[in-house]
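K.L.:
Handing you this structure, nothing more for now.
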Number of protein chains: 2
Amino acid sequence: MPALRPATRADLPAVLALLSDEERVVDPASVVVTAAYEDAFASIDEDPRNEVLVLEDPEADAPGPVVGCLQVTYIPGLGKGGVERALVEAVRVRADRRGSGLGRLLMELAVARARARGCALVQLTSDKRRTEAHRFYASLGFARSHDGFKLAL
Amino acid sequence: MPALRPATRADLPAVLALLSDEERVVDPASVVVTAAYEDAFASIDEDPRNEVLVLEDPEADAPGPVVGCLQVTYIPGLGKGGVERALVEAVRVRADRRGSGLGRLLMELAVARARARGCALVQLTSDKRRTEAHRFYASLGFARSHDGFKLAL
């Protein structure tokens with residue numbers, strides 16, 4: 001059974017490796033975990049409405065290495081009786097394992113987790129240039145209904 | 001000086017009126033504040049990374065009635081040394097006061113508040129059909145760089 005679970009401090013090098021992995025695999029052992037990253041992880045870990053989730057390799061003997069991750073923020077709202085929405089960010093699959101269905105598994109498990117929590121909606125944004133990602137999210141049932149705006153401060 | 005401030009429980013009828021105000025003004029006195037809304041507001045109010053902000057009428061003698069509101073979620077991340085991003089949702093200006101610059105004031109004050117908190121980014125999504133809103137956000141300096149995806153659960 002593939003495991004999507006909240007990251008622990010011990011997963012931090014693997015998560016940072018995935019976040020810096022653009023085209024090729026970054027070895028978690030090569031990642032320098034600075035105090036700033038420690039603090040950032042602690043902030044997320046202590047917040048009941050934020051979590052970094054990691055996917056262990058479903059093909060490995062348990063516990064497998066981390067091959068995917070994402071961050072979810074559960075947002076309380078005033079609409080619909082105060083139900084939460086889940087915002088997904090920083091979706092990553094290890095470079096050497098892309099195109100193998102792991103991204104789909106990662107997202108499906110995250111959506112199931114949000115549903116089990118009672119969320120009414122899962123939302124995310126994707127860079128307009130990433131048309132392959134857009135087809136991927138559409139295939140998962142997401143509607144590309146909004147434009148996403150960003151203002152750097 | 002126009003005041004953008006966190007909503008208190010006493011503002012809840014005015015905020016709910018704004019959220020249900022599509023084409024015409026809803027009288028806050030006509031709003032039924034259910035226990036579900038009370039609970040939802042308390043959830044937001046108790047969360048240090050969520051706030052409903054209200055704009056008091058800058059033309060009224062202080063304290064003026066609430067003429068605008070929005071919700072902000074401050075999202076901690078692992079990137080950039082753990083800096084937060086501000087997600088803005090549920091932006092509303094009272095129906096009879098639209099087109100008067102209040103929306104701009106509301107957003108500018110919210111952006112200034114996020115900057116003062118140390119956020120690296122302000123982000124939001126807007127329905128693709130709302131082209132006037134898109135021009136408005138672009139005029140505030142926001143880049144329409146992403147597509148927004150939603151999956152109802």
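The values are calculated or read from the model by the stated rules, or taken from the named source; none is laboratory data. Please read all numbers here as calculations on a predicted model, not as lab measurements. With ideal geometry, Cβ positions are generated from the backbone for all residues, glycine too; neighbour counts draw on all protein chains shown. For accessibility, only protein heavy atoms count, side chains too; no ligands or nucleic acids. Shrake-Rupley method; radii C 1.70, N 1.55, O 1.52, S 1.80 Å.
K.L.:
Hey, what's chain A come to in accessible area per residue, 1.4 Å probe, Å²? Before the final figure, lay out the partial values.
P.N.:
Details: 7320 Å² over 153 residues.
Each residue of chain A exposes 48 Å² on average to a 1.4 Å probe.
K.L.:
Something else about it: Inter-copy label distances at B:A152, 7 Å along the Cα→beta-carbon direction, one decimal in nm, shortest first?
P.N.:
When each copy's label point is compared with this one, the spacings are 3.7 nm.
K.L.:
Which of these, A:P28, A:P58, A:P76, has the largest mean-square fluctuation under a Gaussian network model of chain A (Cα springs below 10 Å)?
P.N.:
Maximum among the listed residues: A:P76.
K.L.:
Also: Nearest-to-axis residue of chain A, judged by Cβ, for the A-to-B rotation, with distance in whole Å?
P.N.:
Whole-Å result, nearest residue of chain A to the axis: A:G148, 2.
K.L.:
Please name the residues of region B:60-89 whose accessible area, counted over protein heavy atoms with a 1.4 angstrom probe, falls by no less than 20 Å² between the chain alone and the full protein assembly.
P.N.:
B:Q71, B:T73, B:I75, B:P76, B:L78, B:G81, B:R85, B:L87, B:E89
K.L.:
Would you grab the residues whose amide H sits under 5 Å from the one on A:V54? Only those 5+ places off in sequence or on another chain, please, with H modelled 1.01 Å from N.
P.N.:
A:R5, A:A7
K.L.:
Using DSSP to define loop residues, name the trypsin sites (Lys or Arg not before Pro) in region B:62-153 whose beta-carbon has at most 14 other beta-carbon atoms within 10 Å. Before the final figure, lay out the partial values.
P.N.:
Details: sites: B:K80, B:R85, B:R92, B:R94, B:R97, B:R98, B:R104, B:R113, B:R115, B:R117, B:K128, B:R129, B:R130, B:R135, B:R144, B:K150; in loops: B:R94, B:R98, B:K128, B:R129, B:R130.
Those satisfying the criteria are B:R98, B:K128, B:R129, B:R130.
K.L.:
Here is a follow-up. Just the projected area, averaged over all directions, of the convex hull on the alpha carbon atoms of region A:4-139: how many nm²?
P.N.:
9.2 nm²
K.L.:
Moving on. Evaluate the distance, in nm, between pseudo-label points positioned 7 Å from the Cα of A:D27 and of B:R97 along their respective Cα→Cβ axes.
P.N.:
With each label point 7 Å from Cα toward Cβ, the separation is 6.1 nm.
K.L.:
Which one, A:V54, A:L78, A:V33, projects farthest toward the positive side of the charge dipole computed for region A:1-89 from Cβ point charges (K/R +1, D/E -1)?
P.N.:
The residue sitting most towards the positive pole is A:L78.
K.L.:
At 7 angstrom along the Cα-to-beta-carbon line, where would the label on A:D96 sit relative to the other copies? Give the distances in nm, shortest first.
P.N.:
In nanometres, ordered from closest: 6.8.
K.L.:
A further question follows. For chain B, what is the mean residue ellipticity at 222 nm derived from helices alone (per DSSP H run of n ≥ 4: -39500 (n - 2.57); sum divided by total residues; nearest 500 deg cm²/dmol)?
P.N.:
The helix-only estimate for chain B comes to -9000 deg cm²/dmol at 222 nm.
K.L.:
Which angle from 0 to 90°, rounded to the nearest 10, does the C-alpha axis of helix A:35-46 make with the longest principal axis of chain A?
P.N.:
50 degrees
K.L.:
Which one, A:H146, A:L109, A:V122, projects farthest toward the positive side of the charge dipole computed for chain A from Cβ point charges (K/R +1, D/E -1)?
P.N.:
A:H146
K.L.:
Also, I was wondering about something else. Along region A:16-29, what does the Karplus equation 6.51 cos²θ - 1.76 cosθ + 1.60 (θ = phi - 60°) give for ³J(HN,Hα), rounded to whole Hz, x for Gly and Pro?
P.N.:
Rounded to whole hertz, the list is 5, 4, 5, 5, 9, 8, 9, 10, 9, 5, 9, 6, x, 5.
K.L.:
What are the ³J(HN,Hα) couplings of region B:49-58, residue after residue, when phi is run through the Karplus curve with 6.51, -1.76, 1.60 and θ = phi - 60°? Round to Hz, x for glycine and proline.
P.N.:
Computed from phi, the couplings for region B:49-58 are 10, 9, 7, 9, 10, 10, 9, 7, 4, x Hz.
K.L.:
Of all the stretches in chain A, which is the longest one without any exposed loop site, taking GluC sites (Glu not before Pro) in a DSSP loop (any state but H, G, I, E, B) with at most 10 other Cβ atoms within 10 Å? Write down the numbers at each step before the final one.
P.N.:
Numbers: sites that count: A:E22, A:E23.
Longest stretch, sites excluded: A:24-153.
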